[in-house]
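J.: Can you keep this structure in mind? I'll have questions shortly.
Where a number appears in this text, it was derived from the coordinates with a stated rule and is not lab data. Quick caveat: nothing in here was measured; it's all calculated off a predicted structure. Here the Cβ is made from the backbone with ideal geometry for all residues, glycine too, and neighbour counts use every protein chain on show.
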Amino acid sequence: MDKLFGTDGIRAVAGEFPLDAASVVSLGRALAGLLRTGGPRPRVLIGRDTRESGSWLEAALAGGLKAGGGQPVSAGVIPTSAVSLLTLRHGFAAGVVISASHNPYHDNGIKIFSAAGLKIADDWEAELEAAVRRGPGAASVEPLLLEPDPAYVQDYKSFLAGRFSLKEPRPELRLVLDCANGAASDIAPALFRSLGFEVTSLHAEPDGRNINRDCGSLHPEGLGRAVREAGADFGIAYDGDADRAVWADETGLVLNGDHTLYIQALHLQETGRLRGGAVVATTMSNMGLEKALAAKGLELVRTRVGDKYVHDEMEARGANLGGERSGHTIFLDDCPTGDGLLTSLKMLETRLVKGSPFSALAGALVEYPQVLLNVRVRTKPELVRVPDVAARLGEARRALGEDGRIELRYSGTEPVARVMVEGRDAAAIEDWARRLAEAIKRNLGA
């Protein structure tokens, strides 16, 4: 039986199990029950992105929380990372985000944060999952419509503005923001304009169905064109819940989360603020990042994919910088989770302090060719235990040797196997990625 909680909470088609109204009510009631051990009527902060299903899912969750003895509070449309931060700052017993991040609008998800602003522990996930599978029982629960409190969005914006230390006078920068028709659509343009940047915003008119549609961090090609056409200094693309950020430099070249880690690691190292002597990333980060950091005397520590695993490794090592190639970046001195807007401010501050364009700041990071293929699967057995896949994997590793790297894994949020191959020889890695994907499809394809 597949787990309901993946690497980033529960994710499914909105309206279908486990994101039908009855299941979400059960989840809310069970969460309130777990939280009541810490005191009566635990307060739970709820935020969401711009999907059309967000409102009724929030009402179902709030109804379940109230029925279980909790006190739900709505922050309205707000980035995932803001809920993490505000849960901690305002003493909530938990925070919940209703979002499917970079997925299309018909999907949605539920992410739960502890009072510390961190993803909940595995044992809590197991208890909540059991409650959802048991179902709502005989008692019916009415949905509870909440009025969002705008003070939480304002507090989040004030927090971000306070993390930007450069005051006037300073050189003006022209920015292009791709808000993915998601949670950043109102907040990001207003924030950067308030800090004195000239802003052109794209895809900032959500209609409930256009979130992530051919825009945002998964589709940054249009951002690069827009930067060139506007003669801008920098482009930023978020995903639907604005915890990711990827870039376009002043030439329109797209930069990813590995570039973020490289630029920020060097800046923190030079200013004596990089802790732990290492940067934490995942198995998906490029070998080029590892070599570029090594040239500066820094170690790249890899974890499995998922920002919760990056965070845990950062805590264990005493590191304060980590993230994912996809654009999640964690500045642990500032926020317990990755935040796309905070990351943007850090990058802009570095650009202004250095006085160099982003093309120059990222120039020493030379990425190895990398191929990433997705294969839809009907089940998720351990890939190395599938004989045909294991045989192809062994052949590929022997052929690529030390000049290549292979990562086979399942998505934590979709019925998809991901094949990543990188190395010096582009033709060779394309060939091996195709062979591995074909092996997975033959044995497990949906």
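J.: Quick check: pseudo-label points 7 Å beyond the Cα along Cα→Cβ at R134 and D207, how many nm apart are they?
T.: Result: 4.4 nm between the two label points.
J.: OK, next. Mind checking the full-extension length gain between Q154 and A316? Use 0.36 nm per residue of separation minus the Cα-Cα distance, one decimal, nm.
T.: Details: separation 162, 0.36 × 162 = 58.32 nm, distance 3.29 nm.
Taking Q154 through A316 to full extension adds about 55.0 nm, to one decimal.
J.: Let me know the shape class of the chain, please: from the alpha-carbon gyration tensor, a ≥ b ≥ c as square roots of the eigenvalues, rounded when a/c is under 1.5, otherwise prolate if a/b is greater than b/c, or oblate. Spell out each step's value before the answer.
T.: Details: a/c = 1.71, a/b = 1.15, b/c = 1.49.
The shape class here is oblate.
J.: First check a/c for segment 329-446, with a ≥ b ≥ c the square roots of the eigenvalues of its C-alpha gyration tensor; if it is under 1.5, answer rounded, and if not, answer prolate when a/b is larger than b/c or oblate otherwise. Before the final figure, lay out the partial values.
T.: Values: a/c = 3.32, a/b = 1.76, b/c = 1.89.
Judged from the Cα gyration tensor, segment 329-446 comes out oblate (a/c at least 1.5, b/c at or above a/b).
J.: Just order 142-149, 42-49 by mean Cβ neighbour count inside 10 Å, highest at the front, would you?
T.: Numbers: 142-149: 14.8, 42-49: 26.4.
Those peptides, ordered most packed to least, come out 42-49, 142-149.
J.: Could you pull out every one of the lysines with an alpha carbon less than 25 Å from that of K3, ignoring same-chain neighbours closer than 8 positions?
T.: Within reach: K111, K119, K308, K380, K441.
J.: Additional query: Could you sort the peptides 121-132, 414-425, 371-382, 337-348 by per-residue average Cβ neighbour count (10 Å cutoff), highest mean leading? Before the final figure, lay out the partial values.
T.: Details: 121-132: 16.1, 414-425: 19.8, 371-382: 14.3, 337-348: 25.7.
Top of the packing list down: 337-348, 414-425, 121-132, 371-382.
J.: Kindly put L61, L393 in sequence by how many other C-beta atoms sit within 10 Å of each C-beta, fewest to most.
T.: Working: L61 28, L393 20.
The order, fewest Cβ neighbours first, is L393, L61.
J.: Let me ask you something else. Rounded, prolate or oblate: which fits segment 22-145, taking a ≥ b ≥ c as square roots of the Cα gyration tensor eigenvalues, rounded meaning a/c under 1.5, else prolate when a/b beats b/c?
T.: rounded
J.: Would you compute, from DSSP H runs of 4+ residues alone, the mean residue ellipticity of the chain at 222 nm, taking -39500 (n - 2.57) per run and dividing by the full residue count, rounded to the nearest 500?
T.: On the way: 14 runs with 170 residues, N = 446.
Computed mean residue ellipticity for the chain: -12000 deg cm²/dmol.
J.: Continuing with this model, one more query. Note down the net charge around D233, summing +1 for each Lys or Arg and -1 for each Asp or Glu among other residues with Cβ under 12 Å from its Cβ.
T.: Around D233, the surrounding residues sum to -1.
J.: Can I ask one more? Suppose each label sits 7 Å from its Cα in the direction of the beta carbon; what would the A427-A391 distance come out to in nanometres?
T.: 2.6 nm
J.: Please work out how much length the chain gains when fully extended from R304 to E172, using 0.36 nm per residue of separation minus the C-alpha to C-alpha distance, in nm with one decimal.
T.: Full extension of this stretch gives 43.6 nm more.
J.: Which lysines, on any chain, are close to K296 with Cα under 26 Å apart, when same-chain ones fewer than 8 places away are left out?
T.: K346, K354
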